[in-house]
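The structure appears right after this line, and notes come after that.
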Amino acid sequence: MTKADLDWAHLDFGYHPTDYNVRYSFKDGAWDQGVVTDSDTIPIHMAATCLHYGQECFEGLKAYETKSGDVVTFRIDDNARRIADSCRKILMEPPPEELFIAAVHRAINANRKYVPPHGTGASLYIRPLVIGTGPQVGVKPAGEYMFMVFVTPVGPYFKTGFKPVHLIVEEEVDRAAPLGVGDVKVGGNYAAGLRASMRARAAGYTEVLYLDAKEKRHIDESGPANFFGITKDNQYVTPDSPSILPSITNKSLITLAEELGLRPQRRVVDVEEIFEFNEAGCCGTAAVITPVGSITWHDRKKVFGDGETPGKYSDELYHKLTAIQTGDEPDPYGWVQVVPEK
Ligand code: PLP
Ligand code: COI
């Protein structure tokens with residue numbers, strides 16, 4: 001297969017057009033067969049609930065080319081389950097898991113030439129989304145939905161790649177409330193955090209680290225990724241919180257941490273603990289593992305190592321995870337699945 005003519009090794013994490021996307025409609029109580037289209041716009045009713053009342057959720061996963069030329073996904077079943085959880089939480093119609101997987105495969109197969117070649121460090125980012133398309137003026141769920149999947153070849157989320165980023169603990173903005181929707185992937189959570197992220201960037205930080213909204217004491221997560229710390233006595237510590245996204249990457253790192261001799265702990269993490277960690281990192285599909293070089297909290301700053309070099313365990317976890325994802329190392333867990341060509 002002739003690949004698209006792209007500078008694979010220098011792609012940013014942005015929208016790079018591909019040839020096709022797929023769309024399914026839910027109407028009269030059923031999902032249709034879907035269509036493959038080359039249009040990257042959608043005609044939409046101006047009273048659609050996604051435009052007014054935030055009935056929107058999305059997923060993010062990646063496809064990789066292995067050395068032997070297969071295209072593989074990573075833990076796709078978890079994304080299928082999570083989009084259904086997101087839909088149910090905001091009263092949208094969830095696409096059945098089989099439909100989700102078939103739609104992702106269909107979108108990949110229609111755009112195989114955009115799957116970055118093995119070894120370039122790039123991947124095909126897959127963005128499934130569900131929106132309420134039916135019109136409502138009163139605050140009610142829509143009667144009609146659209147489920148779409150587009151794909152786009154991407155490089156690292158943080159433009160420095162696998163280099164430490166600099167976080168600031170957010171004091172003035174809450175991303176999500178404990179009984180809200182922070183544990184699902186709905187667009188409103190990202191809108192809520194935009195002003196915090198933009199202000200942090202303007203002040204010279206890469207991203208914010210949110211605290212729990214109730215006590216402003218415990219670490220929640222970063223804007224686009226979960227958070228972990230490595231303690232001096234080799235624990236992999238990651239926050240347990242009702243207002244963070246259950247990250248599939250983090251769940252995988254918990255398994256891999258154990259393999260590397262770390263002791264994983266998912267528990268409430270007091271913000272003061274950052275001063276005790278040897279290493280810290282952000283993790284997610286887009287972020288993969290992004291080591292944290294420093295965290296600023298009020299007038300205090302914790303610098304990890306020299307602030308510029310990834311820590312030993314972050315480095316090992318990164319290489320272990322990406323080697324499994326790209327098929328360079330065997331996957332004893334059944335996480336990696338080949339995308340069938342038809
Ligand atoms: N937290 C937030 C807010 C995210 O947007 C993401 C990205 O999906 C994650 C965490 C990481 O989740 P995952 O590892 O499943 O991609
Ligand atoms: C992902 O990691 O897939 C995400 O959705 C994060 C996003 C904010 C880019």
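The values are calculated or read from the model by the stated rules, or taken from the named source; none is laboratory data. The shown structure was predicted, so the numbers you read here are calculated from the model rather than taken from an experiment. Every residue, glycine as well, gets a Cβ built from its backbone with ideal geometry; the counts of neighbours run over all protein chains shown. Note: areas computed on protein heavy atoms with side chains; ligands, DNA, RNA excluded. Shrake-Rupley method; radii C 1.70, N 1.55, O 1.52, S 1.80 Å.
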In segment 27-51, what residues are under 25 Å from residue 65 (Cβ atoms) and open to solvent by 80 Å² or more (accessible area, probe 1.4 Å)?
38, 40
Is it true that residue 20 is over 30 Å from residue 138 (Cα atoms) and either under 21 Å from the mean Cα position of the chain (by Cα) or within 16 Å of ligand 2 (Cβ to nearest atom) (or both)?
no
Cβ-Cβ under 7 Å, sequence separation 6+ or interchain: first residue in segment 215-228 and among the acidic types (Asp, Glu), partner assigned to a strand (DSSP E or B). Which pairs?
220/210; 220/211; 220/239; 221/210; 221/227; 221/239
Number of the condition not met by residue 141 [criteria: (1) modelled with pLDDT of 95 or more; (2) over 20 Å from residue 30 (Cβ atoms)]:
(2)
Members of segment 1-26 found to be in contact with a helix residue (DSSP H, G or I) (Cβ under 8 Å, 6 or more places away or on another chain) and open to solvent by 80 Å² or more (accessible area, probe 1.4 Å), listed by number:
1, 2, 20
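Take residue 169 and decide whether it is among the β-branched types (Val, Ile, Thr) and within 11 Å of ligand 1 (Cβ to nearest atom).
On the way: among the β-branched types (Val, Ile, Thr): yes; within 11 Å of ligand 1 (Cβ to nearest atom): no.
The answer is no for residue 169.
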Could you please give the count of residues in segment 311-325 that are more than 21 Å from the chain's Cα centre (by Cα) and crowded, with 18+ Cβ neighbours inside 10 Å?
2
Select from segment 97-125 the residues that are among the aromatic types (Phe, Trp, Tyr), in a helix (DSSP H, G or I) and open to solvent by 10 Å² or more (accessible area, probe 1.4 Å) and list them in ascending order.
114
Would you mind finding the one in 177, 191 that is within 13 Å of ligand 1 (Cβ to nearest atom), out of contact with any helix residue (DSSP H, G or I) (no Cβ under 9 Å at 6 or more places or on another chain) and open to solvent by 40 Å² or more (accessible area, probe 1.4 Å)?
191
Among 139, 149, 184, the single one that is assigned to a loop (DSSP other than H, G, I, E, B), in contact (Cβ under 8 Å) with a residue 40 or more places away in the chain and assigned by TED's automatic domain parsing to the domain that holds residue 52 is 139
Go through segment 222-248 and give me each residue that's within 16 Å of ligand 1 (Cβ to nearest atom) and open to solvent by 10 Å² or more (accessible area, probe 1.4 Å).
223, 224, 240, 241, 242, 244, 245, 246, 247, 248
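Report, by residue number, each residue of segment 222-237 that is within 18 Å of the chain's Cα centre (by Cα) and not in a loop (DSSP other than H, G, I, E, B).
The first filter runs over segment 222-237 and keeps only residues within 18 Å of the chain's Cα centre (by Cα), leaving 222-228.
Within segment 222-237, 222, 226, 227, 228 meet the criteria.
Could you pull out the residue among 63, 30, 80 that is within 23 Å of residue 132 (Cα to Cα), aliphatic (A, V, I, L, M) and within 16 Å of ligand 1 (Cβ to nearest atom)?
Details: 63 fails: within 23 Å of residue 132 (Cα to Cα); 30 fails: within 16 Å of ligand 1 (Cβ to nearest atom).
That would be 80, the only listed residue that is within 23 Å of residue 132 (Cα to Cα), aliphatic (A, V, I, L, M) and within 16 Å of ligand 1 (Cβ to nearest atom).
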Yes or no: residue 294 open to solvent by less than 10 Å² (accessible area, probe 1.4 Å) and more than 17 Å from the chain's Cα centre (by Cα)?
yes
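When segment 229-286 is examined, which residues are found to be of a type in the set (Asp, Glu) and touching a residue at least 40 places away in the same chain (Cβ under 8 Å)? Please lay out each step first, then the result.
Residues of segment 229-286 of a type in the set (Asp, Glu): 233, 240, 258-259, 270, 272-273, 276, 279.
Correct list: 259, 270, 273, 276, 279.
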Going residue by residue through segment 151-166, is there one that turns out to be open to solvent by 50 Å² or more (accessible area, probe 1.4 Å), at pLDDT 95 or above and of a type outside the set (Phe, Trp, Tyr)?
yes
Qualifying residues in segment 209-221 (those that are assigned to a strand (DSSP E or B) and away from ligand 2 (no atom under 13 Å from the Cβ)) - the one surrounded by the fewest Cβ atoms within 10 Å (Cβ to Cβ)
218
